[in-house]
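Everything on this sheet refers to the single structure shown next.
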Number of protein chains: 2
Amino acid sequence: MPPAVILLSGGLDSAVTLALARRDGFACHALSFDYGQRHRHELRAADAIASSLGVASHRILALDLRAIGGSALTADIDVPKDATPQATIPITYVPARNLTFLSLATALAEVLYATDIFLGVNAVDFSGYPDCRPDFIHAFQHTANLATKAGAEGTRFRIHTPLIHLSKPDIIRLGHSLNVDFALTSSCYDPSPAGLACARCDACRIRAKGFRDAGLPDPTRYLVP
Amino acid sequence: MPPAVILLSGGLDSAVTLALARRDGFACHALSFDYGQRHRHELRAADAIASSLGVASHRILALDLRAIGGSALTADIDVPKDATPQATIPITYVPARNLTFLSLATALAEVLYATDIFLGVNAVDFSGYPDCRPDFIHAFQHTANLATKAGAEGTRFRIHTPLIHLSKPDIIRLGHSLNVDFALTSSCYDPSPAGLACARCDACRIRAKGFRDAGLPDPTRYLVP
């Protein structure tokens, strides 16, 4: 089985992406980041998902983005509890996060002699993040080949974003068909210390609507039922 | 003075780059990485250079690249003590390092409302590293604009690499003219615990030859005089 690097946040989208990579025959090396995120609970979810889906390895890399800040997820800024208007980039945007995470995924891919990197970004229900757009992914792929020894020696990295054009209900249906245990995943930006979801942040709203629209039961444990 | 982010390793090239950015009128925000490098001594040098050249701020960001490895600088691989043949990428290459460091510099620039990022890479005496080439820098700049909220809102990041086409003696002469105190800089990949340079790794060889060719005294403190 060829090796692949899967960026695994602990959320719903990256869990489905991992399940897809596994279905497609890759030996999956999951990579998560302990980046000072408010919702650090997602790392426990990532660990549970990695175990449940049978990865070849799972690394949690420490990277303190609080030293940079600039986001409600990495600085002392409250997570908004009203839906962010469409076509607005929300304050939960973390500066250059996917650029940084993909760079480190490229580094790991190079060490593992992997050419395939999977990222669960989504340009439909993408909550307004610029680094979830196809143009960015294409540009990054080109840059990664130029940035690396592997690229200089002929490797052509491929950034797979299998969810990029799917709606949230489609992603949920797809994960359901692949037996992803959504109860293990965590999407909330501002969970309680015990990991219960707030039900009000953008991530909770998009997730809950996704289960409703997919017609599937939502296994999320909310703080206020 | 407009803000700029300067990637500051503690070596000779990034010190000259910082001096140039300061001469050009930027308020300089230095960014260094504690990435598990064997030559962690360079961070003490970075701190001394930042103070000596009067930066607006200096951050040292922790990022454990030993979790990825794959380099003599971040894994249990010996640093070669013979000159690496030209046109070979040496084992001191750290996978996707400049890609990762530039990504984090972009994040910091975004938070500081800066558009200018300075990197002291050099494509002449570049020790064979692919991520020091102009093609990579151009591709990265394009990607950074697509990766960020600032870019989506019209910012055009500019990656300055003022040393990219200079030889090492030219860089040393330039730094000398800008009053860079080279005694504060540290280039060795494998220094002694006290920070004395080994005199034998690629970085030491290129540095020593640079001072010789520039006809300037080499202030480096070597382990074996």
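Take the residues in segment A:194-225 that are in contact with a Lys or Arg (Cβ under 8 Å, 6 or more places away or on another chain) and under 14 Å from A:I171 (Cα atoms), then tell me which one is surrounded by the most Cβ atoms within 10 Å (Cβ to Cβ). Among those that are in contact with a Lys or Arg (Cβ under 8 Å, 6 or more places away or on another chain) and under 14 Å from A:I171 (Cα atoms), it is A:R207. Looking only at residues of segment A:68-88 that are in contact (Cβ under 8 Å) with a residue 12 or more places away in the chain and among the small types (G, A, S), we find that the one that is farthest from the other protein chains (Cβ to nearest Cβ) is A:A83. Scan segment B:168-198 residue by residue and report those that are in a loop (DSSP other than H, G, I, E, B) and more than 16 Å from B:A46 (Cβ to Cβ). Hits for segment B:168-198 are B:L178, B:N179, B:D190, B:S192, B:P193, B:A194, B:L196, B:C198.
Restricting attention to segment A:64-101, report how many residues are of a type in the set (A, V, I, L, M, F, W, C), more than 26 Å from A:A199 (Cβ to Cβ) and surrounded by fewer than 23 Cβ atoms within 10 Å (Cβ to Cβ). Qualifying residue count, segment A:64-101: 1. Residues that are at the interface with another protein chain (Cβ under 7 Å from one of its Cβ atoms) and either of a type in the set (D, E) or more than 24 Å from A:Y113 (Cβ to Cβ) (or both) within segment B:96-114 comprise B:L104, B:T106, B:A107, B:L108, B:E110, B:V111, listed in sequence order. Scanning segment B:115-131 for residues that are surrounded by 23 or more Cβ atoms within 10 Å (Cβ to Cβ) and either small (G, A, S) or facing another protein chain (nearest Cβ under 10 Å) (or both) returns B:G120, B:D131. Every condition in (1) in contact (Cβ under 8 Å) with a residue 40 or more places away in the chain; (2) of a type in the set (F, W, Y); (3) surrounded by 20 or more Cβ atoms within 10 Å (Cβ to Cβ) is met by B:F136 except one, and the failing one is (1). Of everything in segment A:132-167 that is more than 9 Å from chain B (Cβ to nearest Cβ) and charged (D, E, K, R), the residue that is nearest to A:T17 (Cα to Cα) is A:R158.
Could you run through segment B:112-135 and say how many residues are part of a helix (DSSP H, G or I) and modelled with pLDDT under 95? Explain how you work it out, then say what you get.
As a first pass, look at segment B:112-135 and keep what is part of a helix (DSSP H, G or I): B:112, B:130-132, B:134-135.
Keeping just the survivors that are modelled with pLDDT under 95 gives B:130-132, B:134-135.
Within segment B:112-135, residues that are part of a helix (DSSP H, G or I) and modelled with pLDDT under 95 number 5.
Note on segment A:54-67: residues that are part of a loop (DSSP other than H, G, I, E, B) and within 7 Å of chain B (Cβ to nearest Cβ) amount to 1.
The values are calculated or read from the model by the stated rules, or taken from the named source; none is laboratory data. Quantities reported herein were computed from a predicted structural model and do not represent experimental measurements. Glycine gets a Cβ as well: all are built from the backbone with ideal geometry, and neighbour counts include every protein chain shown.
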